[in-house]
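**Q** Submitted below is the structure of interest, expressed as structure tokens.
A short reminder: the numbers here are calculations on the coordinates, not readings from a lab. A quick note: this is a predicted structure, and the numbers were derived from the prediction, not measured. No Cβ is skipped: glycine too gets one built from the backbone with ideal geometry, and neighbour counts run over all protein chains shown.
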Amino acid sequence: MEKTTGAEEIVWDLSILYDGADDPNIARDIEAVNQKVETFAATYRGRVAQLDAEEMVDALIQVEEIYDQSGRIQSFAYLQFATDTAEPKYGALVQKINEFSAEMDQKLVFFDLEWKAIDDAEAEKLLSDPTLGKYRHYLEAERRYKPYTLSEIEEQLLLEKSVTGRDAWSRLFTQITSALRFDYKGKKLTQSEVLKLLYEADRDVRSAAADSVTAGLGERMMELTYIFNVLVADKASDDRRRGYPSWISSRNLANKAPDTVVDALITAVTSNYELVMRHYRLKRTLLGHDELFDYDRYAPLHIGATEREHSWDDARGIVSSAYHRFNDRAGSIVDRFFDENWIHAALMPNKRGGAFCSPVVPSAHPYVLLNYTGKTRDVMTLAHELGHGLHMYLSGEAQGITGLYTPLTTAEMASTFGEMLVFDDLMSRETDPAAQLAMLLEKIEDSFATIFRQVSMNRFEDKLHTARRTQGELSSAQINAFWLETQRAMFGDSVTLREDYGSWWSYVGHFVGVPGYVYAYAFGELLVLALFNLYKQRGVAFVPEYVDVLAAGNSDYPEKILAKVGVDLNDPAFWTEGLAILRTMIEQEEALARQVYPEKFA
């Protein structure tokens, strides 16, 4: 009999948006949006340079209304599709909405282009007018793209062709990876189900699961390799036409992260790979193996604490309590996700793997998707995604749609802070040193996955994009070699990565959907280690300042928002401070290991 967690019936209620793919209100709202767009274009085309501050605010309010209403339609289509990527009518709706969105953006692109075309001195005069209020930063930030902006017809063509180009290939990737079934001991498992087995205590189970993943990916390697090649080439084409100096430039610009800050982050992390090796050498000793392999990375220690299964109700109680202890308002917002069915946690055959939180739009609310299997890491994932949800709820409420969608770097701030709240709470209540060791080991490995692994994946992306631009189409073997080289650099001699592990790049959706994304996780985790340290030092005085930072959303540059809580992102040493906190955790882990298993260190 299959184990149940209580999450089997946890599905979200999308009725605040629409009742289903066949809801006639979708067509009605598409028509309403189209009418608003036509009216807006007729009113403002050719006039943007003549607008005073009050008129500009009126125009941006109309833009917000258009994107809020269209965002409801887009969010519904994508959220519904995520729960069943094989359902034809869900896919058809996504395609319809993609085409609608592209047409809408083509009609509105003139506004941004006319704003960017204004002389710098004239633009600055308008930006200095206090009447702009919250829209000042939005307008100023848009002008950063002026050097990389094309003509209106070129911008329209790129938007139109993305529907049958980049977006279509990304959708195909999602459908292929969601439909994959992995043969494990006679059973056909989904991606979420087979990856879960890598956390089992039985080494034979982990080894067989890893082999199953490799075999399953191998069955679609031709298609996945081709999709990657097409999308990497597509990005190169866009970057070349726009004049971006490197493959990562557009991502850094979108993240409002100067190249110098990102370079300092990458350098700090890669120069501290020894921390990863130090941890896994310790783990090798604790597990009693002469050699650790790729399938041993997430092996638990052989004690009950890490093998405990958490029911959905347990997970809810743990996460909700941790957020409430931090701040009652934060806890109350988190509770709404459970009480009002804003979460989809049930495992389903063609559901998208992994987890995410979608901000949707300010007139609705965020939604969380995860694949809940009852493991401790799933509880942490729930805390993580609800951190996103809290951030999105607060920023949408305070800033509206122009301040809702934070840069990816600070987008990971609240989520990883939420994980730390739950971990710290569980750790403080645990009295058994063996259980504390197991929890600390798991937390350190989660931090490694967020910091070191993501940066090693950034190094993989760097090789992938650079090689595709200089060598042309790449083979699976070439991409496998890039993956193994960058992963092995991180683990050194502490973990042996088999050649079979070389193909595991091929299911990572971020490489496809959001090139350059991954370093944002390391940015967010190291930022949170520093923020959590401030919380520990300052206690309750820190809480309202932190909540204000979340509510600020995308209303200013990250370094200015975070300066309010005493963080200097422009200091290259900042990243070293975060890594020093992680080093302290490893020292604590080593001391606990010697206390719990003295015989292993004799």
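**Q** When only alpha-carbon atoms are used, what values of Rg and Dmax, in angstrom, describe the range 391-441?
**A** 16.2, 48
**Q** Here's another thing I want to ask about it. Averaging over all projection directions, find the projected area of the Cα convex hull of the range 105-196 and quote it in nm² with one decimal place.
**A** For the range 105-196, averaging the hull's shadow over all directions gives 9.7 nm².
**Q** I need to check one value: relative contact order of the chain, counting alpha carbon pairs closer than 8 Å and at least 6 residues apart, in percent.
**A** Reported relative contact order: 18 percent.
**Q** Let me ask something else about it. Got a sec? Charge dipole of the chain, +1 on Cβ for Lys and Arg, -1 for Asp and Glu; which of Ser358, Asn327, Leu139 is way out at the positive end?
**A** Value computed over the given set: Ser358.
**Q** Something else: Suppose each label sits 7 Å from its Cα in the direction of the beta carbon; what would the Asp313-Glu291 distance come out to in nanometres?
**A** Modelled inter-label distance: 4.8 nm.
**Q** If you plug each phi of the range 533-540 into the Karplus form 6.51 cos²θ - 1.76 cosθ + 1.60 with θ = phi - 60°, what whole-Hz ³J(HN,Hα) values come out, in order, with x for Gly and Pro?
**A** Karplus-based 3J(HN,Hα) across the range 533-540 equals 5, 5, 4, 5, 6, 9, x, 5 Hz.
**Q** With θ set to phi - 60°, apply the Karplus curve 6.51 cos²θ - 1.76 cosθ + 1.60 along the range 167-172 and write out the HN-Hα couplings as whole Hz, x wherever there is a Gly or Pro.
**A** Calculated HN-Hα couplings, in order: 5, 5, 5, 5, 5, 4 Hz.
**Q** How far, in degrees from 0 to 90, does helix 413-429 lean away from the longest principal axis of the Cα atoms of the chain, to the nearest 10?
**A** Approximately 30 degrees, to the nearest ten.
**Q** With angles folded into 0 to 90 degrees, how steeply does helix 312-326 sit against the dominant principal axis of the chain? Use alpha carbons for both and round to 10.
**A** With rounding to tens, the tilt is 70 degrees.
**Q** Next up: Please report the relative contact order for the range 467-585, taking Cα pairs under 8 Å with a sequence separation of at least 6, and give it as a percent rounded to a whole number.
**A** 19 percent
**Q** Quick one: 3J(HN,Hα) in Hz for the range 474-483, Karplus 6.51/-1.76/1.60 with θ = phi - 60°, rounded, Gly and Pro as x.
**A** For the range 474-483, the Karplus-derived couplings read 9, 7, 4, 4, 5, 5, 4, 5, 4, 4 Hz, x marking Gly and Pro.
**Q** Continuing with the same structure: Going by Cα centres, the range 334-367 and the range 476-507 are how many Å apart?
**A** 33 Å
**Q** Where both partners of a DSSP beta bridge lie in the chain, what percent of those bridges are antiparallel, to the nearest 5?
**A** 65 percent
**Q** Follow-up. Scattering from the C-alpha atoms of the range 350-447 alone, worked out with Debye: what is log10 I(q)/I(0) at q = 0.18 1/Å?
**A** Per q value, in the given order, log10 I(q)/I(0) is -0.86.
**Q** Assigning unit charges at the beta carbon (Lys, Arg +1; Asp, Glu -1) and nothing else, what dipole magnitude in debye, to the nearest 20, does the chain show about its Cα centre?
**A** In total the dipole reaches around 1180 debye.
**Q** Right, another one. Dipole of the range 24-164, Cα-centred, from +1 at each Lys and Arg C-beta and -1 at each Asp and Glu C-beta, to the nearest 20 debye?
**A** So the dipole magnitude of the range 24-164 works out to roughly 360 debye.
**Q** As a check on your grasp of the helix formula, calculate [θ] at 222 nm for the chain: sum -39500 (n - 2.57) over DSSP H runs of n ≥ 4, divide by the residue count, round to the nearest 500.
**A** After summing the helix terms and dividing by the residues of the chain, the value is -21500 deg cm²/dmol.
**Q** Near Met427, within a Cβ-to-Cβ distance under 14 Å, what is the net charge of the other residues, with Lys and Arg +1 and Asp and Glu -1?
**A** Taking every other residue near Met427 into account, the sum is -4.
**Q** Could you calculate the contour length gain from Gln537 to Ala233, that is, 0.36 nm times the residue separation minus the distance between their Cα atoms, to one decimal place in nm?
**A** Here the answer is 104.6 nm.
**Q** Please compute one quarter of the surface area of the Cα convex hull for the range 157-309 and express it in square nanometres.
**A** 13.0 nm²
**Q** Which of Pro130, Met392, Phe111 sits farthest toward the positive end of the charge dipole of the chain, with +1 on the Cβ of Lys and Arg and -1 on the Cβ of Asp and Glu?
**A** It is Met392, whose Cα lies furthest towards the positive end.
**Q** Which value, in nm² and rounded to one decimal, describes the direction-averaged projected area of the C-alpha convex hull of the chain?
**A** Quarter of the Cα hull surface area: 26.5 nm².
**Q** Right, something else. Please compute, for the alpha-carbon atoms of the range 24-164, the extent along each of the three principal axes and give them in descending order in Å.
**A** 53, 27, 26
**Q** Taking amide H positions as placed in the peptide plane 1.01 Å from N, state which residues far from Ala7 in sequence (5 or more) or on other chains have amide H under 5 Å from it.
**A** Close amide H contacts, sequence-distant or interchain: Trp312.
**Q** Tell me the relative contact order for the range 24-164 as a rounded percent, counting alpha carbon contacts under 8 Å between residues six or more apart.
**A** Rounded, it is 32 percent for the range 24-164.
**Q** What is the gain in length, in nm to one decimal, between Glu599 and Asp211 on full extension, counting 0.36 nm per residue of separation less the C-alpha to C-alpha distance?
**A** So the extension gain works out to 136.4 nm.
**Q** Choose one of Phe337, Val547, Ala264: the residue whose Cα lies farthest towards the positive end of the charge dipole of the chain (beta-carbon charges +1 Lys, Arg; -1 Asp, Glu; about the Cα centre).
**A** Value computed over the given set: Ala264.
**Q** Using a 7 Å offset from Cα along Cα-Cβ at Asn341, what residues in the range 359-378 end up with backbone N under 13 Å from the label point?
**A** none
**Q** Another question about this same structure. Note down the net charge around Leu189, summing +1 for each Lys or Arg and -1 for each Asp or Glu among other residues with Cβ under 9 Å from its Cβ.
**A** Residues near Leu189 contribute +2 overall.
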